[in-house]
């Protein structure tokens with residue numbers, strides 16, 4: 001069974017000739033690239049006190065000067081509020097973040113990173129960056145072109161998601 005985007009598109013065209021499968025070209029590559037990034041950094045988190053998604057949350061909190069509410073974190077990370085809330089609960093139980101009542105809105109807690117959380121992210125994030133540097137090293141001069149294309153893709157996708 002071939003899993004190339006062209007082969008899958010051909011199979012769908014045969015099965016359902018009217019179906020526009022052209023998004024598979026872009027989305028399939030994005031999913032594959034994301035899986036490769038996850039595979040590259042996964043070994044760093046074996047036995048670590050944090051998971052990669054938890055580090056993503058702590059990275060956002062690491063250099064904030066003011067407490068943040070969970071909704072802002074979920075927006076910045078592009079994740080569901082429920083998923084971010086679950087990660088925050090785990091991080092709080094382990095002492096990596098603290099939550100305080102929000103005087104402006106009792107429904108939303110103010111979240112800050114603790115010294116233990118800062119130390120953990122300061123240890124793990126540089127290792128993750130090193131793995132990502134290695135992963136992208138082969139881009140060379142194409143790096144800027146890829147970056148601009150991805151920025152354009154994200155801008156187009158954000159505008160479409162915002163229309164719903």
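Computed from the coordinates by the stated procedures, all read-outs in this text should not be read as laboratory data. Source: prediction; values computed, not measured. No Cβ is skipped: glycine too gets one built from the backbone with ideal geometry, and neighbour counts run over all protein chains shown.
Output the number of the condition that residue 39 fails; it satisfies all remaining conditions of (1) within 30 Å of residue 134 (Cβ to Cβ); (2) assigned to a helix (DSSP H, G or I); (3) touching a helix residue (DSSP H, G or I) at 6+ places or on another chain (Cβ under 6 Å). All conditions pass for residue 39, except number (3). Of all residues in the stretch 73-88, those being touching a strand residue (DSSP E or B) at 6+ places or on another chain (Cβ under 9 Å) and exposed (fewer than 15 other Cβ atoms within 10 Å of the Cβ) number 1.
Selection of the stretch 100-135 for residues being farther than 15 Å from residue 59 by Cβ, part of a helix (DSSP H, G or I) and touching a residue at least 40 places away in the same chain (Cβ under 8 Å) yields 134, 135.
For residue 78, the conditions (1) closer than 28 Å to residue 46 by Cβ; (2) touching a helix residue (DSSP H, G or I) at 6+ places or on another chain (Cβ under 7 Å) all hold with the exception of (2).
In the stretch 40-49, the condition of being more than 25 Å from residue 137 (Cβ to Cβ) and surrounded by 11 or more Cβ atoms within 10 Å (Cβ to Cβ) is met by at least one residue.
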